[in-house]
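Read through the structure below, which is laid out as structure tokens, and then see the notes.
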Amino acid sequence: MVDEKGVPAGLWARCAACGHMVYEKDVEKLLGVCPECSHHRRVDARTRIRHLADPDTFEEFSVDLKSTDPLKFKDRIPYKERLKREQAKTGEVEAMIIGKAFIRGRPVILGVMNPMFIMASMGAVVGEKMVRAAERAVEDNLPLVVVTASGGARMQEGVVALTQMAKTASALAQLDDAGGLYIVVATDPTTGGVSASFASLGDIVLAEPKAMMGFAGPRVIQNTMNVELPEGFQTAEFMMEHGFVDRIVPRSDLRTEIARIIDFCGK
Amino acid sequence: MSNDEGATQANGSVVAVPLNTTTYLDFEKPLVRIEHDIAELQLEHGQTKRSVSADIKQQRSRYRSTLKRLYTNLTPWETVLVARHPQRPLTTDYLKTVFRDVCELHGDRCFGDDDAIITAFARVGGHRVMVIGHNKGKDIKERVACNFGCAHPEGYRKALGKMRLAQKYGLPVVCLVDTQWAFPGIGSEERGISHAIATNLMEMARLKTPIVSVVIGEGGSGGALGLAVADRVAMFQHSFYSVISPEGCAAILWKTAERRQHAAEALRLTSTELSRLGAIDDVIPEPVGGAHRDPAAVAANLEKYIVGSLDSLKRMKLPTLVRKRQERVRQMCSFYESPLEVKAAAEAAKEKLATRRATSRSSRISGRFTRREKISG
């Protein structure tokens, strides 16, 4: 899984899914998708914005929000230290980026989560940014598009992280009351507290092929229930089969599909 | 989780020992010793007829002071143990003590009826309400039937359905939260546990009727929050409310469940901490020694809190109520900072001050002018 972690492996790399040696430039051209098996690699938030938004149209809001470490949390390392390390590693302040952008000429409010930053877990900042994005969508009467990817609520922020679930859901209730359009693009992995709040509340839920989607972690289910998990459990396909995803959309088609849906909804 | 070694009676004695059915927790060992001493004194009295009442009295007061000392300084992990105490009163107990005329309603009209969440019409004080609570079960048979209070999607959908019913007929909703987490299982995922919880959060944020939520025991993660978006959220003094169980947190961050004490501390999951963080509105006091030592007292406190909250919430107009609920949720736990925004705000304030000074100076000048004109005139 070297390449999953964003390590530049040079010109060639082994696909984490099919094991084929793939030419990195080909993968890049395909927006991070393996040319052999169509495995969708995780991509960081900036790359995702580049994939989705029309060139040079993204205008970021609330750039520098950061956590104040309300719990003074310390596990093996202090949370503040962990944040600093993640910031140094990714060059980002937090796990979500919000802003205004154009997708095939349609103006939208765009939120993108960054799976490279503490697995895009949700703390006070991610919650606040999601709420601000929803509020801005109401204010500007624009569709809200959110690309979700998250390991869930951020443990290091404890109950503060938990309350963000209520906060984002409440903001989306207000967006819904205002007649706003909310499109979720679920990517690998969309789980836990994010899955049980704003990622499941889209008017339209799109998902990338084979993206992991679910509430409880598969290992937790396996250990507590002592059961074998069925093949393909908690994938986007599984979620569509059970009625929780509208469409599975390959990465290359996302722009077109989002634009089409916006047009259908007359936004 | 618990041990009942403390419940042993002295030497199988036939002498009248006050029947002690309390299950003692690990940290309550000093109490077990005192209990033992009292039992021995009574045994001695039975055999020798020597008067020991003064000694017993002394031991009883020692018992009370030890109990008080232990419970005023509960560590977070001890709080977790108390909140999970096998004899702690449950939703089903409060349905008998706090609520009257309980009329249970079943089913989510879609898949089934989940015993892990009970929904019922009931009366409390002068109010007709919809009460919704996690059900952990009293004995092993019940516990298995309701999955130890871990609800499936149908539980949350049943809750939402009954909340909508309450909204339609103008009944306030009272939620009693007591769950380890939402049920982690294949069926739970297949039927969309994420979607069910998320929908509850969103709909509770705009439900047009008062909602009061009380964490009575365990407030575990999204499973708890799914019944805890409300106008008033309270916790019992010795309950806990957390994003993840201390065991789960320890397993992930320290790679061993043994560090659960550390995790319990780090997570700040007690009522005092949550109050400080502004994640809850009120703490409902428990008698010394926890709810299980005096269920009647704790029921009275709960009733007082619910009735008091409903009295004031029902005075509000519905649109105001919902707006205030949303504002409250909006402002809750906003623990972030933004140097840029602070700078921008400071600059805006400076500018505002400058314009105000400029305008006040010009008005003063013009004021002087008028005065002078007046004088000259």
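Rule-based calculations on the coordinates, nothing more; no lab input. These numbers come from a predicted model, not from an experiment. Backbone-built Cβ (ideal geometry, glycine too); neighbour counts: all protein chains shown.
Using the number of other C-beta atoms within 10 angstrom as an exposure proxy, rank B:TYR336, B:TYR241 with the fewest first.
So the ranking, lowest neighbour count to highest, is B:TYR336, B:TYR241.
What does the extension gain come out to for B:ARG143 and B:THR272, with contour length at 0.36 nm per residue minus their alpha carbon separation? Mind dumping the intermediate values first?
Working: separation 129, 0.36 × 129 = 46.44 nm, distance 2.97 nm.
Contour length minus the Cα-Cα distance gives 43.5 nm.
Taking neighbour Cβ counts within 10 Å as the exposure measure, how do A:ILE258, A:ILE97 sort from fewest upward?
A:ILE258, A:ILE97
For the range B:258-310 and the range A:228-248, write down the distance between their C-alpha centroids in whole Å.
39 Å
Ranked from highest to lowest mean number of other Cβ atoms within 10 Å per residue, what is the order of the peptides B:148-155, B:300-307, B:268-275? Present the calculation step by step, with values, prior to reporting the outcome.
Working: B:148-155: 26.1, B:300-307: 18.5, B:268-275: 22.9.
Result, highest mean first: B:148-155, B:268-275, B:300-307.
In nm, to one decimal, how far is the modelled label at A:CYS18 from the one at B:ARG123, with both set 7 Å along Cα→Cβ?
Each label point lies 7 Å from its Cα, and together they span 7.1 nm.
Evaluate peptide B:211-221: per residue, the Cβ atoms of other protein chains within 10 Å of its Cβ; return the mean as an integer.
1
Using the number of other C-beta atoms within 10 angstrom as an exposure proxy, rank A:MET122, A:MET113 with the fewest first.
By the 10 Å Cβ count, ascending: A:MET113, A:MET122.
Percent relative contact order of chain A, based on C-alpha pairs within less than 8 angstrom and at least six residues apart?
14 percent
Evaluate peptide B:319-329: per residue, the Cβ atoms of other protein chains within 10 Å of its Cβ; return the mean as an integer.
On the way: counts 0, 0, 0, 2, 1, 0, 1, 6, 1, 2, 9.
For this peptide, the per-residue mean of nearby foreign Cβ atoms is 2.
What number, in percent, do you get for the relative contact order of the range B:257-351 if the mean sequence gap of Cα pairs under 8 Å and at least 6 apart is divided by its residue count?
This gives 20 percent for the range B:257-351.
How big is the range B:14-73 in terms of Cα radius of gyration and Dmax, in angstroms?
12.4, 40
Before rounding to the nearest 500, sum -39500 (n - 2.57) across all DSSP H runs of length at least 4 in chain A and divide by the residue total; then give [θ] at 222 nm in deg cm²/dmol.
-10000 deg cm²/dmol
Can you list which of the DSSP-assigned H helices in chain A have a Cα extent of 27 Å or more along the long axis and an average Kyte-Doolittle score of at least -0.5?
A:158-177
Let me spell out the model: positive unit charges on the Cβ of Lys and Arg, negative unit charges on the Cβ of Asp and Glu, origin at the Cα centre of the protein assembly as shown. What dipole size does that give, in debye rounded to 20? Working shown, then result.
Details: 89 positive and 78 negative charges, 629 e Å.
For this selection, approximately 3020 debye.
Provide the packing ranking of A:165-174, B:183-192, i.e. peptides ordered by the mean count of other C-beta atoms within 10 Å per residue, highest first.
Per-residue mean Cβ counts within 10 Å order the peptides as A:165-174, B:183-192.
Per-residue ellipticity at 222 nm for chain B, helices alone: DSSP H runs ≥ 4 residues times -39500 (n - 2.57), over residue total, nearest 500 deg cm²/dmol?
Mean residue ellipticity at 222 nm (helix-derived): -16000 deg cm²/dmol.
Under the rule a/c < 1.5 gives rounded, and otherwise a/b versus b/c splits prolate from oblate, where does chain B land using the Cα gyration tensor?
Prolate.
With just the Cα atoms of the protein assembly as shown, tell me how far they stretch along each of the three principal axes, in Å, largest first.
Computed over the protein assembly as shown, the largest-to-smallest principal extents equal 98, 96, 50 Å.
Per residue of A:167-179, what is the mean number of Cβ atoms on other protein chains within 10 angstrom of that residue's Cβ?
Per-residue shielding by partner chains comes out at 6.
Test of the criteria: in the range A:132-239, which chymotrypsin sites (Phe, Trp or Tyr not before Pro) are in a DSSP loop and have at most 14 other Cβ atoms within 10 angstrom of their Cβ? Please list the in-between numbers first.
Values: sites: A:TYR182, A:PHE198, A:PHE215, A:PHE233, A:PHE238; in loops: A:PHE215, A:PHE233.
Taking the range A:132-239 and a limit of 14 other Cβ atoms within 10 Å, no loop chymotrypsin sites (Phe, Trp or Tyr not before Pro) are found.
For the range A:1-143, what does the alpha-carbon gyration tensor say about shape, rounded, prolate or oblate, given a ≥ b ≥ c as the root eigenvalues, a/c under 1.5 as rounded, and a/b over b/c as prolate?
Cα axes put the range A:1-143 in the oblate bin.
Give the lysines reachable from A:LYS267 as a straight Cα distance under 21 Å; neighbours fewer than 8 places away on the same chain don't count.
List returned: A:LYS100.
Quick check: Cα centre of the range A:22-44 to Cα centre of the range B:174-239, how many Å?
40 Å
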